[in-house]
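Enquirer: Sending over a structure as structure tokens; questions will come in a sec.
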Amino acid sequence: MQVSHRAREMDLAIAFHSLDFHQRPSHTENMNDQNLRDHLLPLRWQYVVTAAPESWELAFQDIINVDASARIIASLSPGIFVVDSALRSVDLAQQLRTSGIFVRHLFLLLDVIVQRYGHECLPKIVDVSIGLRRHLNPAQSFSVQTRTLSQDGPGNFEVNTLVSNAFMALGFRLDVKHPDQAISIVCTDFAVYLGASSIAHNLSDWAGGMRRFARDANQLSRAEFKLLEALEVFPLDLPYQGTVLDLGAAPGGWTRVFRERGLTVVAVDPAMLDARLTKDRGVTHVPSTAETYLKKTSGSEIFDLIVNDMRIDTTRSARLMCEASKLLKRDQFALMTLKLPAKHQRRRIRNTLSVLSQSYRVGGVRKLFHNRSEVTAFLQKR
Ligand SMILES: C[S@@+](CC[C@H](N)C(=O)[O-])C[C@H]1O[C@@H](n2cnc3c(N)ncnc32)[C@H](O)[C@@H]1O
């Protein structure tokens, strides 16, 4: 599937502006007669969708799976595209949250400024953003989430600051970290795309789903970010003073995060753990493969949580997870990264989930911002 970037983007921006105003979703809020609204509106909406650049086709497939009529109408940059869909944002977000894997973020497109991007666009961006305030609830917090894809012109910070100040002057309360709603702005060379929506409809609290964590001086591995993100995305409350089985634990990033949160860890990996963990009494390092560990361990329902970040074939990894489930307490949770091949990823995920379903209910599978060639699955013991 090929989507050209620039030409299609210009077409989209111009087409959006030539829509009769009755047809624009941004004008619907003033109509209070439902019949009139349904009659006048085309029952279609446009969304700016974001996925990892290498996964955009799979992300679009996620959307097709919930709305077979959806089509891509523009590509703004690798991984960021505009989709036309028959689903309202509340339904699209809810269905993607349940069954989607690769869509990281989306927002309902409410207006487009067709203008070459530069400093001279700023007053217009502020004006149009303020015009979208009727889509926001003044009693709830907001943030401005800008992504500038253009090399020229003002950067994210400048746009965010200007628009945020304008909203705060109107009495809106800014909360950059955990906003209830967001003004989303994507600036390309030729146009600026804008939306204003509840964060719940965007799938992520973060612009484009790009969840960045501050680097911790004690961090042991980049893999820690993957776990931190999973703990935010999935409804997993870490068991207070519980015990975790960490399969594929070395050098120990995940183990460190669990220790910091008061859990005791059995860390299984033939590789060495970082020296900073070896003296910790709350960590038991088992220097063997998961296969050997599971063969030798006879207990049952010992653990409150099992996590698995092993770099091995996913089917083999899933079988080991099923074997390990005997060690997990009833109804408790597990997290697992599925390392994926370059091709046929969806088939691989399907087959792996089918193995896992023998022992677990699948609570969700997501390609997180910090996942590379992999996805993360959230599981609950049957
Ligand atoms: C991506 S690293 C894990 C990183 C770890 N989660 C962290 O935060 O530091 C993958 C690990 O899987 C381990 N591994 C590979 N095959 C394994 C197996 N059969 N049993 C246990 N560990 C295995 C590797 O030794 C490697 O340390």
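Bear in mind that the values in this text are calculations on the coordinates, not laboratory data. None of these values were measured; they are calculated from a predicted model. Using ideal geometry, Cβ is built from the backbone for each residue, glycine included, and neighbour counts are taken over all protein chains shown.
Enquirer: Assuming a ≥ b ≥ c are the square roots of the Cα gyration tensor eigenvalues, decide whether region 58-154 counts as rounded (a/c under 1.5), prolate (otherwise, with a/b larger than b/c) or oblate.
Expert: oblate
Enquirer: Then there's this: Note down the Stokes-Einstein diffusion coefficient of region 131-251 in µm²/s, whole number, using a Kirkwood radius over alpha carbon pairs, 37 °C, and 0.692 mPa s.
Expert: Translational D for this selection: 196 µm²/s.
Enquirer: Taking a cut-off of 41 Å, what percent of all Cα-Cα pairs in the chain are separated by more than that?
Expert: Working: 16403 of 72771 pairs.
So the pairs more than 41 Å apart make up 23 percent of the total in the chain.
Enquirer: Please give me, ordered by residue number, the chymotrypsin sites (Phe, Trp or Tyr not before Pro) of region 117-224 that lie in loop per DSSP and have at most 16 other Cβ atoms within 10 Å. All intermediate terms of the calculation are to be shown ahead of the outcome.
Expert: Values: sites: Tyr117, Phe142, Phe157, Phe167, Phe172, Phe190, Tyr193, Trp206, Phe213; in loops: Tyr117, Phe172, Phe190, Trp206, Phe213.
Sites meeting the loop and neighbour criteria: Phe213.
Enquirer: Hey, another quick one. Go through Lys226/Lys296; Lys226/Lys295; Lys326/Lys381; Lys177/Lys367; Lys296/Lys381 and tell me which ones have a Cα-Cα distance over 19 Å in this structure.
Expert: Too far apart for the 19 Å limit: Lys226/Lys296; Lys226/Lys295; Lys177/Lys367; Lys296/Lys381.
Enquirer: Still on this structure, I have one more. What's the exposure ranking of Cys187, Cys121, going from fewest to most Cβ atoms within 10 Å?
Expert: Cys121, Cys187
Enquirer: For a quick check: sort Ile130, Ile113 by the number of other beta carbons within 10 angstrom, fewest at the front.
Expert: If I rank by nearby Cβ atoms, fewest first, I get Ile130, Ile113.
Enquirer: Ok, one more. Connecting C-alpha atoms closer than 10 Å in a GNM of the chain, tell me which of Ala139, Ala52, Ala230 has the biggest fluctuation.
Expert: Ala139
Enquirer: Just for region 223-381, what percent of DSSP beta bridges are antiparallel, to the closest 5?
Expert: Within region 223-381, antiparallel bridges account for around 40 percent of the total.
Enquirer: If you don't mind, another one. Based on DSSP, what percent of beta bridges with both residues in the chain are antiparallel, to the nearest 5?
Expert: On the way: 39 of 66 bridges.
Counting DSSP beta bridges with both partners in the chain, the antiparallel share is about 60 percent.
Enquirer: Less than 16 Å apart at the alpha-carbon level, and either on another chain or at least 8 residues along: which aspartates and glutamates does that give for Lys329?
Expert: Asp237, Asp246, Glu301, Asp304
Enquirer: So which chymotrypsin sites (Phe, Trp or Tyr not before Pro) in region 232-267 pass both tests, a DSSP loop state and at most 15 other Cβ atoms within 10 Å of the Cβ?
Expert: Tyr240
Enquirer: How many times 2.2 N^0.38 Å is the alpha carbon radius of gyration of region 242-323?
Expert: In units of the 2.2 N^0.38 Å rule of thumb, it is 1.02.
Enquirer: With θ set to phi - 60°, apply the Karplus curve 6.51 cos²θ - 1.76 cosθ + 1.60 along region 55-62 and write out the HN-Hα couplings as whole Hz, x wherever there is a Gly or Pro.
Expert: 10, 5, 5, 5, 5, 5, 4, 4
Enquirer: Can I ask one more? Could you give each residue of region 302-307 its phi-based ³J(HN,Hα) in whole Hz, using Karplus coefficients 6.51, -1.76, 1.60 with θ = phi - 60°, and x for Gly or Pro?
Expert: Karplus-based 3J(HN,Hα) across region 302-307 equals 8, 9, 8, 7, 10, 10 Hz.
Enquirer: Among Lys296, Lys326, Lys381, which comes first, second and so on when ranked by fewest other beta-carbon atoms within 10 Å?
Expert: The fewest-first ordering by Cβ neighbours comes to Lys296, Lys326, Lys381.
Enquirer: Using +1 on the beta carbon of Lys and Arg, -1 on that of Asp and Glu, and nothing else charged, what's the dipole of region 52-180 about the Cα centre, debye to 20?
Expert: Values: 11 positive and 13 negative charges, 60 e Å.
Result for region 52-180 is approximately 280 debye, rounded to the nearest 20.
Enquirer: Check Leu174: other-chain or 5+ apart residues with amide H under 5 Å from its amide H, H built from backbone geometry?
Expert: Amide H neighbours of Leu174, under 5 Å, 5+ apart: Phe142.
Enquirer: Quick one: 3J(HN,Hα) in Hz for region 267-273, Karplus 6.51/-1.76/1.60 with θ = phi - 60°, rounded, Gly and Pro as x.
Expert: Computed from phi, the couplings for region 267-273 are 9, 9, 5, x, 7, 5, 8 Hz.
Enquirer: While we're here: Once you charge only the Cβ atoms, +1 for Lys and Arg and -1 for Asp and Glu, what is the size of the charge dipole of the chain about its Cα centre, to the nearest 20 debye?
Expert: Roughly 1300 debye for the chain.
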